[in-house]
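Read-outs: derived from the displayed coordinates by stated rules, not from any lab. All figures in this text were calculated on a predicted structure; none of them were measured in a lab. For neighbour counting, all protein chains shown are included, and Cβ atoms are generated from backbone atoms with ideal geometry for every residue, glycine included.
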Amino acid sequence: MRIRCRFEEKAFTVGLLDNPSARDLATMLPLDLVVQDFSTNEKIAYLPRKLTEEGSGPFANEAAGDLCYYAPWGNLAFFHGGYKYSSGLIRIGRLDDGPQPLLARGTFALRIELLPAV
């Protein structure tokens, strides 16, 4: 599955992983959220409800461009810089063309839509 995200005249696609949290997110789409900077390496957006944590656990190969769900807070985390796995973080996808669109600083309206299967 793939999703399209749009904010501040930027659009990018994300390939979702085949895991319960990613599938749960897909059932909620389309969504209109607010995305904002958090720390120096990510943007976050709070979901209207928490996603399932079924099948979650530690992962490796953390990289800029990862889309994760942070279960304790119920938010999406779009990483544009390096990060390390922490408890409660569930990787649910990866930006198709890298993290460049995430570098715009600020708080923006965010639209997330499911793309049709090809």
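Scanning the stretch 66-107 for residues that are closer than 18 Å to THR40 by Cβ and among the hydroxyl-bearing types (Ser, Thr, Tyr) turns up TYR70, TYR83, TYR85, SER86, THR107. Of the strands (runs of 3 or more DSSP E) entirely within the stretch 1-52, those holding at least 3 residues that are within 19 Å of GLY81 (Cα to Cα) occupy 10-16, 31-38, 42-46. Looking across the stretch 55-100, the residues that are within 16 Å of LEU16 (Cα to Cα), part of a loop (DSSP other than H, G, I, E, B) and not polar (S, T, N, Q) come down to GLY55, PHE59, GLU62, ALA63, ALA64, GLY65, ASP96, ASP97, GLY98, PRO99.
Identify, please: which residue in the stretch 1-54 is hydroxyl-bearing (Ser, Thr, Tyr) and farther than 19 Å from PRO116 by Cβ and is, among those, surrounded by the most Cβ atoms within 10 Å (Cβ to Cβ)? The selected residue is SER21.
Within the stretch 75-118, restricting attention to residues that are among the small types (Gly, Ala, Ser) and under 11 Å from the mean Cα position of the chain (by Cα), the residue that is surrounded by the fewest Cβ atoms within 10 Å (Cβ to Cβ) is ALA77. Selection of first residues in the stretch 14-32 that are within 13 Å of LEU76 (Cβ to Cβ) and of second residues that are in a helix (DSSP H, G or I), restricted to Cβ pairs under 9 Å at least 6 apart or on distinct chains, gives the following pairs, ordered by first then second residue: LEU16/ALA22; LEU16/ARG23; LEU16/LEU25; LEU16/ALA26; LEU31/LEU25. Against the condition among the charged types (D, E, K, R) and in contact (Cβ under 8 Å) with a residue 24 or more places away in the chain, how does GLU113 come out, does it pass? Answer is yes for this residue.
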